[in-house]
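Visitor: This is the structure I have questions about; it appears just below.
The values are calculated or read from the model by the stated rules, or taken from the named source; none is laboratory data. Computed from a prediction, not measured in an experiment: that's the story for all the values here. Cβ coordinates were reconstructed from backbone atoms using ideal geometry, including for glycine residues, and neighbour counts include every protein chain displayed.
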């Protein structure tokens, strides 16, 4: 090792510093974008989805919501994004909206409301990307709330989130 260092030093003192920094610097495993997400929180008013690992926000995403975003989802076809506590109960890598994380909507409260009001609460609420025909829009898709009640990200964002989320993690959706 000493001979290597002498040889490197003769080549360039700057190279020696770089070599020592690389050789002795602490190694990290992965980047923050590789961290597993343990909880999601959506604030509908600000159109912001927060990804947590423990109590720390590790990523935020700007999103598009259902076409009529104010108020909770009550029935199928109302084009509202639900409000309440749910969990990720499925993953679809071949969704027509690029990729999708399925939410456990409707929960018990949603079903009770629907039963009392004689309506179908619906069921297919997801966090997803863009349909192929509109993928070129990228982040511009967020300028308008356009989904049927889902939470929409760019294709790149859903790919990143999809990798970091396991089935069963909770998602809180606030007004």
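Visitor: With respect to residue 73, is the statement that it is without any contact (Cβ under 8 Å) to a residue 12 or more places away in the chain and either more than 20 Å from residue 52 (Cα to Cα) or within 12 Å of the chain's Cα centre (by Cα) (or both) true? Give the steps one after another, and end with the answer.
Guide: Working: without any contact (Cβ under 8 Å) to a residue 12 or more places away in the chain: no; either more than 20 Å from residue 52 (Cα to Cα) or within 12 Å of the chain's Cα centre (by Cα) (or both): yes.
In short, no.
Visitor: Taking the range 74-94, which residues are over 21 Å from residue 44 (Cα atoms), modelled with pLDDT under 95 and surrounded by 15 or more Cβ atoms within 10 Å (Cβ to Cβ)?
Guide: None; the set is empty.
Visitor: If a residue must be out of contact with any helix residue (DSSP H, G or I) (no Cβ under 6 Å at 6 or more places or on another chain) and without any contact (Cβ under 8 Å) to a residue 60 or more places away in the chain, how many such residues does the range 144-162 contain?
Guide: 1
Visitor: Where in the range 94-175 are the strands (runs of 3 or more DSSP E), entirely inside, with at least 1 residues that are farther than 21 Å from residue 67 by Cα?
Guide: Values: elements: 100-103, 126-128, 170-174.
Correct list: 170-174.
Visitor: Regarding residue 174, is this residue surrounded by fewer than 20 Cβ atoms within 10 Å (Cβ to Cβ), touching a residue at least 40 places away in the same chain (Cβ under 8 Å) and farther than 12 Å from residue 99 by Cβ? Let's see the steps before the verdict.
Guide: On the way: surrounded by fewer than 20 Cβ atoms within 10 Å (Cβ to Cβ): yes; touching a residue at least 40 places away in the same chain (Cβ under 8 Å): yes; farther than 12 Å from residue 99 by Cβ: yes.
Yes, satisfied.
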